[in-house]
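A quick write-up on the structure given underneath.
Only the coordinates and a few stated rules stand behind these numbers; no lab work does. In this text the structure is predicted, and so the values were computed from the model without any measurement. In this analysis, Cβ positions are derived from the backbone assuming ideal geometry, glycine residues included, and neighbour counts consider all displayed protein chains.
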Amino acid sequence: MTGDIMTQAQAEEVVRLAQDLPELGLRRGDLGVVCSTWFAPNTVFEVDFRAHVPGCRVRALLMPNQIEKSETR
């Protein structure tokens, strides 16, 4: 599920990254948790990911087309 459907994502919801973000050390398929949703001027999601380095976390602002809802918790 991508695009307009993702505008319905809620805080604390688990999402899956839909594309690689090498500048943040994130890979397509990584799971994260939505922390907040911003609506102006465009909808973006603040998502917290566990990085591939033990003990590190990455928080990113992502557009709806960059994430998908995940059934995995």
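General remarks:
- Per the Debye calculation on the chain with a single equal scatterer at every Cα and no solvent contribution, log₁₀ I(q)/I(0) for q = 0.13 Å⁻¹ amounts to -0.31.
- Dipole check for the chain: with +1 at the C-beta of Lys and Arg, -1 at the C-beta of Asp and Glu, and the Cα centre as origin, the magnitude is about 200 Debye.
- Taking all Cα pairs closer than 8 Å and separated by 6 or more residues, the relative contact order of the chain comes to 36 percent.
- Length gained on full extension, Leu31 to Lys69, computed as 0.36 nm times the residue gap minus the Cα-Cα distance: 12.7 nm.
- Peptides 38-47, 51-60, 8-17, ordered by how many other C-beta atoms sit within 10 Å of their residues on average, highest first, read 8-17, 38-47, 51-60.
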